[in-house]
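Here's the structure we're looking at; comments come further down.
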Protein chains: 2
Amino acid sequence: MVSITDIAARLGVSRTTVSLVLNNRSDQLRISDATRSRILSTAGEMGYRVNALARAASTGNSRVLGFLTTAPDEGPSARILTGAIDEATRQGFFVKVLRIHNDSALDDDALERCLEMRLGALFCVYLSGSGVQVLRDALEPHSVPLAVVDDVDTPQNCGLHILSDYESGMDAAVDHLFALGHRRIGLLMGLSEQELGARQRRHAFERAMALHQLTVVPDWVRAGDWGPNETDAVAREVLSLSPAPTAIIAGTDFTGLAVIRAARGLGLRVPDDVSILGFGDARIGDWADPPMAVVAQPFAAMGQMAVRHLLERLPQKEMPWSDPAREIRLPTELILRASTARVSQTNTQP
Amino acid sequence: MVSITDIAARLGVSRTTVSLVLNNRSDQLRISDATRSRILSTAGEMGYRVNALARAASTGNSRVLGFLTTAPDEGPSARILTGAIDEATRQGFFVKVLRIHNDSALDDDALERCLEMRLGALFCVYLSGSGVQVLRDALEPHSVPLAVVDDVDTPQNCGLHILSDYESGMDAAVDHLFALGHRRIGLLMGLSEQELGARQRRHAFERAMALHQLTVVPDWVRAGDWGPNETDAVAREVLSLSPAPTAIIAGTDFTGLAVIRAARGLGLRVPDDVSILGFGDARIGDWADPPMAVVAQPFAAMGQMAVRHLLERLPQKEMPWSDPAREIRLPTELILRASTARVSQTNTQP
DNA sequence: ATGAAAGCGCTAACAC
DNA sequence: GTGTTAGCGCTTTCAT
């Protein structure tokens, strides 16, 4: 592949001149228009392309970001990645995706390779808190900025933490249900109580309920890392209580689907007998029966923000590690569909 | 960050010696065990990490693969990526994900950047045929191997093409339905007729039907790039025909969900009145109501195979471009769930 | 067994 | 305006 040297040789000028022209530095250091255009056209003819590798080696700046994840194929991770790529591309950066398997002790190999590649900055999703800590400790000495995205139990001083604004999301959800006359609202999370995501949802839910002076009934609030069948079972259990909630907020989109199924299994009509509202992905609910309303989390925006903030801090090459982790919460969006309705007459008393 | 030179200086040996030891080339060119261990331990103490950038610049080999996609956040793309990353990691390679927006003329910028980064090989999904052609033409002069994954209308001579084995997948699907007594089977694809995926599914479907001497009823076979509502409408239309199919194979998982919804909307019970079988993603059907049987496509394996084949061809640095595109078809898996059942008595006549 | 020297392709400081 | 020189951090060939 043709190099800067080849062009210089062909034209009888120095490599420096070629480099300057091709990098558009010619305005600073003045190159004659004649030489300039000769170089440009020759480069074109010869099919020259910078060797980004050599450039990176020379400048020590790879213009590559690393994205660490345990589950690149799950919806949220993929959305975050997409948002991140778009923003990175816009700023002339690449994204390398690394998969981590063992996230508690944090895959040493992956970390090693991040450092070897002289990655400019890193962001990660779905790591355990201890994983993030390990990451942080490894990165700090090398001043590699770090951002943690989505529900990760980020320890103090671990850089940026970007997540959904659960509070406004839950507020919107409860507001909406309240406006439809619902007073008995349950929360089935589909996430383990251990996870930050579950705690955040629960907390935001309790807060939103309090704002409306509604009682949080413990039996109607359940957490757990459920598969389809477990979700079904829990939902049936909750919907069979008396009194039962008239509306259920599901902690994830898949959980929502299973709750709808459970309701139907009990002979309840959605939304006539019970309203169901999902939380998470925007799209999937559109295919549910009935189409499921959701509080959509801003995954793409989260990836985008992660990159934007990391790149802002790149030039100074210095993370404010000592500061407590800075949280950025991005707004959710309530998407109404056919799974919520005015509470039925027989169910109006709290 | 500490370099090979630092270590050499500290130890009073040459950079060469350090390089040899750290690369385990010491067996070829014999280095004394003493020196060897001194170097290793010093490297450890000083926290040395190869500068992969410099190495790549020097060897001209970046050990990075590029993954081009128009929709990194869609299920199949993400699955393929995951499989690819796993295989790449296993072989000491990285994967850079590039998003392409304009795929007909192929995002020139992205291509430019692939070449600049001296990517070792590329694989892509969701490109148009002309996009692949552009890619191929740009890559050939530089001997960059290319693999096209999944439903892409790959022109001749465009390297490897890796896709699902639609024939055995459809055979399994039709076999299964046939065994349940179904004779009137429809195919609602949810993919535009223009797309390779639709043509492949249709062809495989017709073949499978013929194997069982079943008639393909044109009215029951529909293609189109449908959203939820359009799918619903088409499904209702087909299910309202008389005679109507007793079983429907949906071309994608989401389409399957909407078909179930449409059936229910018409007062039909699934699977009692009509059986429904999805095609595509393995997981999502598990959350459907009823849980939906699917022919699962081997997305992760496809990514894995793409990488494996590309890496095989890396050393010789030469693609057999002149050969017709070599197709590799990977087996699907029939996952049975509750959406299919023996055909009802009233529906037994073809 | 070790080192010197040249090379990869690029950038950057400074001289002419 | 352009060229010289040195440097990035590594690899590789060839002396010693």
Against the conditions (1) in contact (Cβ under 8 Å) with a residue 40 or more places away in the chain; (2) more than 30 Å from B:ASN23 (Cβ to Cβ); (3) not hydroxyl-bearing (Ser, Thr, Tyr), where does A:HIS203 fall short? Just the number, please. (1)
Condition check: modelled with pLDDT under 90 and under 23 Å from the mean Cα position of the chain (by Cα). Does B:ARG36 satisfy that? no
Does the range A:2-18 include one or more residues that are within 12 Å of chain B (Cβ to nearest Cβ), aliphatic (A, V, I, L, M) and under 32 Å from the mean Cα position of the chain (by Cα)? no
Unmet requirement for A:ALA52, which otherwise passes all of (1) closer than 23 Å to A:LEU311 by Cα; (2) small (Gly, Ala, Ser); (3) within 12 Å of DNA strand C (Cβ to nearest atom); (4) more than 9 Å from every other protein chain (Cβ to nearest Cβ): (4)
Within the range A:245-287, considering residues that are surrounded by fewer than 20 Cβ atoms within 10 Å (Cβ to Cβ) and away from chain B (no Cβ under 13 Å), the one nearest to B:GLY227 (Cα to Cα): A:ASP272
Among the residues of the range A:73-83, is there at least one that is of a type outside the set (D, E, K, R), away from chain B (no Cβ under 14 Å) and touching a Ser or Thr at 6+ places or on another chain (Cβ under 9 Å)? no
Kindly indicate whether B:LEU146 is among the hydrophobic types (A, V, I, L, M, F, W, C) and touching a Cys at 6+ places or on another chain (Cβ under 7 Å). yes
Is it true that A:LEU11 is without any contact (Cβ under 8 Å) to a residue 60 or more places away in the chain and within 8 Å of DNA strand C (Cβ to nearest atom)? no
Unique match (being of a type outside the set (A, V, I, L, M) and within 14 Å of chain A (Cβ to nearest Cβ)) among B:THR215, B:THR231: B:THR231
Testing B:MET1 on (1) in contact with a Lys or Arg (Cβ under 8 Å, 6 or more places away or on another chain); (2) at pLDDT 90 or above, one condition comes back false. Which one is that? (2)
Matching entry among A:GLU140, A:GLU112 (being free of Cβ contacts under 8 Å to residues at least 12 places away in the same chain and either surrounded by 16 or more Cβ atoms within 10 Å (Cβ to Cβ) or charged (D, E, K, R) (or both)): A:GLU112
Could you grab me the full set of residues in the range A:37-71 that are farther than 25 Å from A:GLU312 by Cα and crowded, with 23+ Cβ neighbours inside 10 Å? A:ILE39
Looking at (1) more than 29 Å from A:HIS101 (Cβ to Cβ); (2) touching a Pro at 6+ places or on another chain (Cβ under 8 Å), which one does B:ASP108 not meet, given that it meets all the others? (2)
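I need the full set of residues from the range A:14-53 which are touching a residue at least 12 places away in the same chain (Cβ under 8 Å) and of a type in the set (A, V, I, L, M), in order please. Lay out the reasoning, then the answer.
Here is the first cut: in the range A:14-53, the ones touching a residue at least 12 places away in the same chain (Cβ under 8 Å) are A:17-19, A:21-22, A:31, A:35-36, A:38-40, A:42-43, A:46-51.
A:VAL18, A:VAL21, A:LEU22, A:ILE31, A:ILE39, A:LEU40, A:ALA43, A:MET46, A:VAL50 - these are the residues of the range A:14-53 that are touching a residue at least 12 places away in the same chain (Cβ under 8 Å) and of a type in the set (A, V, I, L, M).
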Here are some residues: B:ARG136, B:ARG113. Which one is over 21 Å from A:GLU116 (Cα atoms), charged (D, E, K, R), over 15 Å from the mean Cα position of the chain (by Cα) and more than 12 Å from chain A (Cβ to nearest Cβ)? B:ARG136
The range B:120-133, subset part of a loop (DSSP other than H, G, I, E, B) and in contact with a helix residue (DSSP H, G or I) (Cβ under 9 Å, 6 or more places away or on another chain), residue farthest from the other protein chains (Cβ to nearest Cβ): B:LEU127
Neighbours by Cβ (under 7 Å, 6+ apart or cross-chain): first from the range B:230-244, in the same structural domain as B:ASP273 (by TED's automatic domain parsing); second among the β-branched types (Val, Ile, Thr): B:THR231/B:THR255; B:THR231/B:VAL259; B:ALA235/B:VAL259; B:LEU239/B:VAL274; B:ALA244/B:VAL238
What helices (runs of 4 or more DSSP H) completely inside the range B:1-109 contain at least 1 residues that are more than 16 Å from DNA strand D (Cβ to nearest atom)? B:33-46, B:75-90
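The values are calculated or read from the model by the stated rules, or taken from the named source; none is laboratory data. Keep in mind it's a predicted model, so treat the numbers as computed, not measured. For neighbour counting, all protein chains shown are included, and Cβ atoms are generated from backbone atoms with ideal geometry for every residue, glycine included.
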